[in-house]
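S.K.: To start, I am sharing the structure in question, which I have written as C-alpha cells.
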Amino acid sequence: MASVRPQGRLAFIRAAQSVGLTLGEIREILALKGRGEAPCAYVAGLIHRHARELEERVRALERLRRDLERLARRAAELPRRPPDPASLCHIIETAAASRPGRPPALRRGLRRGGPS
C-alpha cells in the first residue's frame, strides 16, 4: 500500500475498524497488500467469521435476557425476608440453587471472542 496516500490508508483503517476488524486483522490486510497480494478473499473470510461470531454473541445475549426476565419475575414473587447474616442476597442464591450444573448466562461468552 506504499502508493496509497497516508489519508487513504488512515481512512481504510477506520473503515475496517467500523466493520469490526481488529487492528491485528487490519495489519495483516495491509501486509498482504504490501506483498502485492489481493487481500479481498482474506477480508471476505474475516467478515464471514465476524458475522458468525456476532450471531453467537446475539444468541448468548438473548439467553441472558430471558434468564434475567425469569429472575426478575421470580424475585418479584419471593417473600420479603429480614436480612440473613449468612446470605448475601437470597434472590441470586435462590436462582443459583434452582439451576444446578447450569452455568450462568454471563459466563456463556459475552466477551468479544464469543461464547466460551
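S.K.: Scan the range 74-90 residue by residue and report those that are open to solvent by 90 Å² or more (accessible area, probe 1.4 Å) and either among the aliphatic types (A, V, I, L, M) or under 26 Å from the mean Cα position of the chain (by Cα) (or both).
M.R.: 86, 88
S.K.: How do the pairs read when you match residues in the range 60-73 that are more than 17 Å from residue 96 (Cβ to Cβ) with residues anywhere that are open to solvent by less than 60 Å² (accessible area, probe 1.4 Å) and part of a helix (DSSP H, G or I), using Cβ under 8 Å and keeping only pairs 6 or more apart or on different chains?
M.R.: So the pair list comes out as 60/105; 60/108.
S.K.: Does any residue of the range 17-29 turn out to be in a helix (DSSP H, G or I), of a type in the set (S, T, N, Q), within 30 Å of residue 6 (Cα to Cα) and within 17 Å of the chain's Cα centre (by Cα)?
M.R.: yes
S.K.: Return yes when residue 99 is modelled with pLDDT of 85 or more, basic (Lys, Arg), open to solvent by less than 90 Å² (accessible area, probe 1.4 Å) and farther than 30 Å from residue 28 by Cβ and no when it is not.
M.R.: no
S.K.: Here is a list: 53, 93, 62. Which entry is open to solvent by less than 90 Å² (accessible area, probe 1.4 Å), assigned to a helix (DSSP H, G or I) and in contact with a Lys or Arg (Cβ under 9 Å, 6 or more places away or on another chain)?
M.R.: Working: 93 fails: in contact with a Lys or Arg (Cβ under 9 Å, 6 or more places away or on another chain); 62 fails: in contact with a Lys or Arg (Cβ under 9 Å, 6 or more places away or on another chain).
Just a single option satisfies the conditions, and that option is 53.
S.K.: If we keep just the residues of the range 17-38 that are in contact (Cβ under 8 Å) with a residue 24 or more places away in the chain and open to solvent by less than 80 Å² (accessible area, probe 1.4 Å), which is farthest from residue 50 (Cα to Cα)?
M.R.: The initial filter retains those residues of the range 17-38 that are in contact (Cβ under 8 Å) with a residue 24 or more places away in the chain, namely 19-21, 30, 33-34.
With open to solvent by less than 80 Å² (accessible area, probe 1.4 Å) added as a condition, the list becomes 20-21, 30, 34.
On the way: 20: 7, 21: 8, 30: 19, 34: 24 Å.
Checked the range 17-38; the qualifying residue farthest from residue 50 (Cα to Cα) is 34.
The values are calculated or read from the model by the stated rules, or taken from the named source; none is laboratory data. The shown structure was predicted, so the numbers you read here are calculated from the model rather than taken from an experiment. Positions of Cβ are generated from backbone atoms using ideal geometry, with glycine treated the same way; all protein chains shown enter the neighbour counts. Areas reflect the complete protein model, heavy atoms only, side chains present, ligands, DNA and RNA absent. Shrake-Rupley method; radii C 1.70, N 1.55, O 1.52, S 1.80 Å.
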